[in-house]
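Comments concern the structure below.
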Amino acid sequence: MGNYQRNNTIPQKNIKERKAYLVGGGIASLSAAFYLLRDGHMDGKNITIFEELNIEGGAMDGAGNAETGYIIRGGREMEEHYECTWDLFADIPSLENPGYSILDEFKELNDNDPNISKCRLIHNCGEKKNSDSMELSPTNVKRITELFLATEDALGNTTVEQFFDQSFFETNFWSFWRSMFAFETWHGVVEMKRYMHRFIHLLPGFNKMKGLIFPKYNQYDSFILPLCKYLKDNNVQFAYGTQVVDLDIDIKDKEKTVTGIHIIHDNKKEIINVEPTDIVMVTNGSMTECSEYADNKTVPKLRKDLGGVWNLWKNISEKDPAFGKPEVFCGDVERSKWESFTITCKDSKLVDKIRELSGNEPHSGKTVTGGVITITDSNWLLSITGNRQPHFPDQPDDVIVLWAYGLLLDKEGNYIKKKMTECTSEELLKELLYHLGLEKDIPEILKTDKVISAMMPYITAQFMPRVKGDRPDVVPEGSQNLAFLGQFAEIPGDCVFTVEYSIRSAIMATYKVLNLNKKVPEIHPSQYDIRVIANAVKALNSGRPLPAETIIKKLLKDTSIEGII
């Protein structure tokens, strides 16, 4: 998007009197509040965010302490072409560096400490596995190309395992892909296609995670805390401990207008009247709904109830087909769940092993593992990562915080002869230590390390096979004052399971509902750049000569496009 499109919007008539109600306290609603302020020129006191919990942030969490253990359910792999994300955080002041924005400090940090993984895969109890090659055969590459060229309508609800043959799933490429993005074989291949288009420029560094950028701290302290401070400083209202259970929607002909919001607060039911000029934005669905936690000695419960967010979407969807089909995403917990665990540790053989594998000093304040290290022969398909330390602002100097997760929860462990879902947090750590070659050191490590596990029944619900219409449009056809936000709203061309997707939905909703004369930042068009495509094909072929490459080079010699391949 060119600078011509970076115009400031003109305040609309009576905008200061209009009200906005945002359902959910995750990054989507927080971003929407920001854009209603900056570009919509609304009065902060007229913007209310309803959050069922007593803390904001949604999936972007980070909590705990060194004594009882820190907890992060997940992390954020980001890149420089998150155009909406950086548009937002360019205007959010840094909490640690007055006069600078979150974007300023983020870019400075990553420019001076670029990410690279020196150990992407391991096997055989802690041995590095060669990851130089993608291990894709010409047939595999051809099939990937066919996916890239296929239309979403043609693919429909085809799964990854239905699209590719078994040889594909035995490659390093699939190990990189599934562990980096948390893909399962039963997920929709349409989402894989979108990722290929969106991040094709990252394929040349895929095996070393080049091009990824990470924050200084965890996602809550790095992004949510400064954003919430900005919103609260601008008088945005936060209604914590408030569950939205339904909306009253007046549907006449093709027009759909929210007239009321049903909430429960302090165990009391209430209906908030909504005027036609008011705005209602709903985060429909949640990846982290019904999360359960456990400490060293306990097992996290796998919940199969829908929870408040999914029930809300279910109630809304029953009013009109344009509001989507939540059951497509929340109807099979066994295929949308996985489990992560956070390890709070002091110097030990575990930290020594991370130092050995990564080639970096964990206490340096710089990049440690450079992304996940995946254990390819783990029955649970475990991965572990150590981000920059300290990972929390209050983290003591002698403490290291590591994060791990498993994708195949229903298989028996290699060391702990149980399913992952049946294990205590301590048993999860034991299995990990075994795969790191630290079996004999387990008793000593367990004396000091604290582990908190998180079971998330809907964490990959957004990847479930779907077709057009299963997700509602950000602003459904005929909607007068209702918009949907987050991972389960339809945004053509962009990728779910990213911060960018949620923030983009917020911008789209704000600009369309308020009819603003401002363009949403474009999705980075790397998929249309012939140079990027050529480099991606080279990467997929792991250095093998491309078909007719020698002939093409001769034909292009001394031409203006000689350097393309």
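Label points 7 Å out from Cα along the Cβ direction at ASN515 and GLN480: separation in nm? Reported label-point gap for ASN515 and GLN480 is 1.3 nm.
Relative to the Cα centre, what is the charge dipole magnitude of the chain, using +1 at the beta carbon of each Lys and Arg, -1 at the beta carbon of each Asp and Glu, and rounding to the nearest 20 debye?
Values: 66 positive and 81 negative charges, 182 e Å.
So the dipole magnitude of the chain works out to roughly 880 debye.
In the structure shown, the pairs LYS349/LYS450; LYS118/LYS216; LYS13/LYS468; LYS417/LYS440; LYS411/LYS440 are assessed against 26 Å; a Cα-Cα span above that value is assigned to LYS13/LYS468.
The packing ranking, built from the mean of other Cβ atoms within 10 Å per residue, places the peptides 44-55, 7-18 in the order 44-55, 7-18, highest first. Computed packing ranks the peptides 136-142, 367-373 as 367-373, 136-142, most packed first, by mean other Cβ atoms within 10 Å. Between the amide H of LEU485 and those of VAL282, THR283, ASN284, distances stay under 5 Å, these residues lying 5 or more places away or on another chain, with hydrogens modeled in the peptide plane.
Under the 0.36 nm per residue contour assumption, what length would be gained going from the current alpha-carbon distance of LYS254 and SER364 to full extension?
Numbers: separation 110, 0.36 × 110 = 39.60 nm, distance 5.94 nm.
The span from LYS254 to SER364 would gain 33.7 nm if fully extended.
Spin-label model, LYS411 to ILE55: label points 7 Å out along the Cα-to-beta-carbon direction sit 3.3 nm apart. Scanning residues 5 or more positions from GLY370 or on other chains, those with amide H under 5 Å from its amide H are GLY386, with H placed 1.01 Å from N in the peptide plane. If the segment from GLU270 to GLU96 were pulled out straight at 0.36 nm per residue, it would be longer than the present Cα-Cα gap by 58.6 nm. Look at (1) -0.36; (2) -0.30; (3) -0.48: the one that is log10 I(q)/I(0) by the Debye sum over Cα atoms at q = 0.06 Å⁻¹ derived from this structure is (2).
Structure shown: which of LYS325/LYS419; LYS208/LYS346; LYS252/LYS319 lie over 22 Å apart, alpha-carbon to alpha-carbon?
Over 22 Å apart, Cα to Cα: LYS325/LYS419; LYS208/LYS346.
Quick check on packing: order 497-507, 415-425, 143-153 by the mean number of other C-beta atoms within 10 Å, highest mean leading. Write out the running numbers ahead of the final one.
Numbers: 497-507: 26.0, 415-425: 18.6, 143-153: 14.1.
Top to bottom by mean Cβ count within 10 Å: 497-507, 415-425, 143-153.
Each part reduced to its alpha carbon centroid, the range 436-499 and the range 10-85 end up 17 Å apart. Could you calculate the FRET efficiency of LYS301 with ASP397 from 1/(1 + (r/R0)^6), where r is the beta carbon distance between them and R0 is 30 Å, rounded to 0.05? Given R0 = 30 Å and the Cβ-Cβ separation, E is 0.30.
We did not get these values from a lab; they are worked out from the coordinates using the rules stated. Fair warning: this is a prediction, and the values are worked out from it, not measured in the lab. Neighbour counts are summed over all protein chains in view; Cβ atoms, including those assigned to glycine, are modelled from backbone coordinates with ideal geometry.
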